[in-house]
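A quick write-up on the structure given underneath.
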Amino acid sequence: ITSRNNEKLKDLFEYWEFRTLTQRLFGATSPGKENSTPVFENLKTIDDVNPDYQLIDSDEKLTQLIENLQNVPHFCFDVETTSLDRFSSKLLGIAFSHKSGSGSYLPIKDSEDWKKKSQSVLPLFQSTSLKIGHNLKFDLAILFNHGIEAKGPFFDTMLAHTLIAPDQKHTLDALAENLLNYSTIKLLDLHNESLPDDGQPDDLFSAATKKQVAKGEIDPTQIPLEKIAPYASEDADVTLQLFEKLEPQLTELGLEHILNDIEAPLISVLVNMEAQGITMDQQILDEVGETLSKTINELTENIENAAGKPFNLNSPKQLGEILFGEMKLVEKPKKTKTGQFKTDEQTLAALAPKHPIIANILSYREATKLKSTYVDALPNHRAPHTKRIHTHLHQLLTATGRLASSEPNLQNIPVRSENGRQLRRAFTPRSKAFTLLAADYSQVELRVMASLANDPNMIEAFQQNHDIHRATAARVFDVSAEEVSSEMRRTAKMVNFGIIYGISAFGLSQRLEIPRSEAAEIIDTYFQQYPAIKKFMEETVSATQRDGYTTTLTGRRRYFKDINSGNATVRNNAERAAINSPIQGTAADMIKIAMVNIHKLLQRHQTKMILQVHDELLFDLHLDEQEELTPKIVKAMETAIDLPNNVPIKIDTGVGDNWLQAH
């Protein structure tokens, strides 16, 4: 047994935020550095620092607050609300801080009180000062829905920390502990302290739980103002201190441009898009639901007939026993760790050509998922105040920087299946004065790859506006473009998009249902025709192994801690992700920049940007503005990022009375 490496172990514990383990193993100081600054001291609290927090409970104090904040270079703010709902929650107050160790809380009694006080604070939110917050999109949304549209520039400490340390926690409490060695006041504690004392010990039924806090179910109106004021002021103060820590780190890592020019300006764009929402036609949704129900019943009957008996199609255990235990579709079926037969989508998709029951099961799963996730659930997401669907758009949930959608997720509606396409019919313009405009980046990831690799053959195809998959097929199969069959083009398309994700010969053979040797030959021929692509992939992996991260054209980083793993499977997965990351990340940056520029373009227009799905933007386009705005929107998307090596960007557009027609 070798002795432990204290330095490496300490670094590992700090990376994963194992504070308790660090204290247990090393005490309060760095191992081997007993005379240095403590790694983790006991966390400070509000009682230790004695901050200067004020309750703004008079007109005189409000006037003084406005004067103090009017000409400062930056200030932090944080809203207190009755819930986490952007539209229905009431504004209870706003906390401000412009100097470390100080803060002020402006309480809001009711709508009349807000009407008066909003006029006082409005100039602050429309000033040129840098406005700082943690998860600013929520705060800006609350203000927006209470009549104030805050103007940038913005600095979001949550987004900043996500860029700096994407694998760590980004909550305000976690950052306060790890970066400031400070434990914040907890709303849970304030709530439970405010409960009437019945002489009995608190239990799950008499006291709030952490689960309730996470869901935002605790109503702060139940907590006395003298407790809420320091709690809110502390949030603003701590966030300001985090800004002072994070801003120089961003600069040191060369990431300030990503936050200042892409992510921060995008916050208010997303607030506006979420507020707009999208119209859903219930009658069409019902029609789609009836069709799906009929399809589900027919598939169920076909599957049970093929199996020879009825069974629970939604039970992986029963399904596995039917397919592999009784029907014996495979000689040596794969099993899970618990001994059940594997019936996940990847396993079944590989078997689909061998028996029609598999294809029917996959179709059944898609139909039931579409019905439960969308047809049945979407009406519950219609907002009472607009009767429209308002999804949440998230900036940095994905590792590559792509936007994500939730509650409901409108990005996962399948576009390649007939049922998925029909579902898009239910999304319509807001009125007869509008049409839906879909503007879609054409093959953007392939164009980015050609640009980054500087591959002359692929670049030429894009410059000549050729069908890239037909052009690829002609090269790979050594025929003229006119001789390319639909099967050849399908193969080339699979390879083109598969290469971006580091597809293997085995993966290609499964997708194309061809022998692995044939798939390997196709990939080898592909790289012979596009040697710069292969070189780009190899150099990307090599650079990531050296640096530990990849970068997009704009400088966004993605870290890969497993890129040098001794486990070949883990390492190969990291290598494939590293190849894809600068490609998909650049495409993500491109559409985000386009959204920021289009949002500026649409100011004072009736046309609204309402949705982003992967490489596509969707607009409620006013008919009177169609001729003027459509080319301007296309131009903004084309010029968001100039790709190196003269690779052109192409935008496909369509309009229609529903999303399917427009797309």
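The values are calculated or read from the model by the stated rules, or taken from the named source; none is laboratory data. Nothing here was measured: the structure is a model prediction, and the numbers come from that model. Neighbour counts are summed over all protein chains in view; Cβ atoms, including those assigned to glycine, are modelled from backbone coordinates with ideal geometry. Quick note on the areas: whole protein, heavy atoms, side chains included, nothing else; ligands and nucleic acids left out. Shrake-Rupley method; radii C 1.70, N 1.55, O 1.52, S 1.80 Å.
Remarks
- Calculated translational diffusion coefficient of the stretch 590-631 (25 °C, 0.890 mPa s; Stokes-Einstein with Kirkwood radius over alpha-carbon pairs) equals 229 µm²/s.
- Accessible surface for Phe311 stands near 30 Å², nearest 10, in the context of the full protein assembly shown (1.4 Å probe).
- Percentage, to the nearest whole number, of Cα pairs in the chain over 41 Å apart: 40 percent
- Shown in residue order for the stretch 382-395 are the 3J(HN,Hα) couplings computed by the Karplus curve 6.51 cos²θ - 1.76 cosθ + 1.60 at θ = phi - 60°: 6, 6, x, 7, 10, 6, 10, 8, 10, 6, 8, 10, 10, 7 Hz (x for Gly and Pro).
- Links that overshoot a 18 Å alpha carbon limit, given the list Lys90/Lys131; Lys600/Lys632; Lys44/Lys186; Lys334/Lys354: Lys90/Lys131
- Counting Cα-Cα pairs of the stretch 68-141 in 10 Å increments starting at 0 gives whole-percent bin shares of 18, 53, 27, 1.
- Förster-model FRET efficiency, 25 Å R0, Ser293 and Arg382, C-beta, rounded to 0.05: 0.75
- The Cα-based radius of gyration and maximum Cα-Cα distance (Dmax) for the stretch 528-655 are 18.8, 61 Å.
- Portion, in percent, of the accessible area of the stretch 94-194 that falls on carbon or sulfur, probe 1.4 Å: 52 percent
- Heavy-atom surface analysis with a 1.4 Å probe gives the stretch 528-582 a carbon and sulfur content of 43 percent of its accessible area.
- Per-selection metrics, the stretch 235-279 (Cα): Rg and Dmax in Å: 14.3, 45
- For the stretch 29-177, alpha-carbon Rg over 2.2 N^0.38 Å: 1.20
- Per residue accessible area of the chain, 1.4 Å probe, in Å²: 49 Å²
- Listed residue (Phe527, Ile413, Ala461) projecting farthest to the positive dipole end of the chain, Cβ model: Phe527
- The order of Ser233, Ser127 by accessible area, most exposed first and with a 1.4 Å probe, is Ser127, Ser233.
- Of the GluC sites (Glu not before Pro) in the stretch 507-552, those whose Cβ has at most 15 other Cβ within 10 Å and which sit in DSSP loop: Glu513
- Calculated P(r) of the stretch 419-553 - Cα pairs past 21 Å, %: 52 percent
- Rounded, prolate or oblate (a/c below 1.5 giving rounded, otherwise prolate when a/b exceeds b/c) for the stretch 136-196 by Cα gyration tensor: oblate
- Listed residues Tyr105, Tyr231 arranged by accessible area, highest first, probe 1.4 Å: Tyr231, Tyr105
- With every protein chain in place, the stretch 326-402: carbon and sulfur % of accessible area (1.4 Å): 53 percent
- Cross-link reach is defined here as a Cα-Cα straight distance under 16 Å, omitting same-chain residues fewer than 8 places apart; for Lys116 the aspartates and glutamates meeting it are Asp57, Asp59, Glu60.
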